[in-house]
Amino acid sequence: MSGLAVIAGLSSKIHWLPKRSRQNIPHGIRPFGGWAPKFSHSGLGPSLGRSGSLELRLATKKSEIRKAQKLRFHVFFEEGGATPDGATALVRRDICRFDKVCDHLLVIDHAARNRFGKIKPRVVGAYRLLRQEVAQANFGFYSAQEFDIGPLLAQHPKSRFLELGRSCVLADYRGKRTIEMLWRGIWTYVKHYRIDAMIGCASLEGIDPVKLAPQLSFLFHHAKADAQWRVRPLPNKFTSMDRMAANEVDVKRALASLPPLVKGYMRVGAKFGEGAVIDRQFGVTDVFVVMPINEIEGRYIEYFGSPDDLARKVA
């Protein structure tokens, strides 16, 4: 699943949320348990704001991470039709070893009710955040399982990278308010840690590059990252995106057929790598996304307002 979303629309129903997961589950992982996240973000959170009954926060307890995993399982596997491995199917949670080292941005509905009608807070939206220094101290970046990101990091040795992944929103909450909260939370996080670029993956539904030729070719010809930001898949996973000549691509139709997530990224100036990766487990084709902050900040602020306004708008 290679899981990074108009911003407020970079998401599900402003609909950017794909029906399939965008990140593959590593082999050999075990059910998540016994570990509690340590909250040590000086001056940040854990609660980042509220909108009615919805709270935006960074996870501080293992129970919150498990609820996010349960949400991901529902969206990626039950709703999206991805094929779970044995451990994932057994516990009915989207298990991933990277969860132990990532930060988890959550939207919690404090007015949600269980099947008995009793109020029980529920995680209804989630995003996983992996800072470069944390990645390098542990398993590396998740997207490195599909893409060769070493050259990108080497070209920007003084830049701070943030990988976005495992994004999902419960179907009933895939509206503007929830998506805006998640992305304002990401922006607050980016500014707090002085992130220079966000990276991650987005997925096109389907694994036949011939059928996806218009979309892949459109991204190749019209949204390819500059050389200094360009990333290619690992050699054994490379699938060409240059499948049609530029003058053969129906730009309007190709753009309209892109997943909302991809279109959302494009609205804020994101660019894409050279080459795609077919993920057969999830039935998707992944493309690499890069968003240098100094290139997208103007568009982001134009949509949301100045950084100082973000917290006030969420609250």
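The values are calculated or read from the model by the stated rules, or taken from the named source; none is laboratory data. Predicted model only: the values in this text are computed from it and were never measured. All Cβ positions, even for glycine, are placed from backbone atoms using ideal geometry, and neighbour counts span all protein chains on display. In case anyone asks, the SASA skips ligands and DNA or RNA and just uses the protein heavy atoms, side chains included. Shrake-Rupley method; radii C 1.70, N 1.55, O 1.52, S 1.80 Å.
A few notes on this one:
- Counted residues, region 244-280 - those being in a strand (DSSP E or B) and charged (D, E, K, R): 3
- Set 149, 195, 199: member being surrounded by 23 or more Cβ atoms within 10 Å (Cβ to Cβ) and over 21 Å from residue 65 (Cβ atoms): 199
- Residue list for region 152-191, filter: open to solvent by 10 Å² or more (accessible area, probe 1.4 Å), closer than 23 Å to residue 272 by Cβ and in contact with an Asp or Glu (Cβ under 9 Å, 6 or more places away or on another chain): 156, 159, 160
- In this structure, residue 87 does satisfy being over 22 Å from residue 163 (Cα atoms), open to solvent by 20 Å² or more (accessible area, probe 1.4 Å) and out of contact with any Asp or Glu (no Cβ under 6 Å at 6 or more places or on another chain).
- Residues that are open to solvent by 30 Å² or more (accessible area, probe 1.4 Å) and either in contact with a Gly (Cβ under 9 Å, 6 or more places away or on another chain) or hydrophobic (A, V, I, L, M, F, W, C) (or both), drawn from region 202-219: 205, 207, 210
- Across region 72-116, the number of residues qualifying as farther than 20 Å from residue 200 by Cβ, charged (D, E, K, R) and not in a helix (DSSP H, G or I) comes to 6.
- Taken as a whole, the structure places residue 195 among residues that are modelled with pLDDT of 95 or more and either closer than 19 Å to residue 73 by Cα or part of a loop (DSSP other than H, G, I, E, B) (or both).
- So residue 65, is it out of contact with any Phe, Trp or Tyr (no Cβ under 6 Å at 6 or more places or on another chain), surrounded by 14 or more Cβ atoms within 10 Å (Cβ to Cβ) and either modelled with pLDDT of 95 or more or of a type outside the set (D, E, K, R) (or both): yes
- Checking residue 140 against (1) open to solvent by 10 Å² or more (accessible area, probe 1.4 Å); (2) touching a Lys or Arg at 6+ places or on another chain (Cβ under 6 Å), the condition it does not meet: (2)
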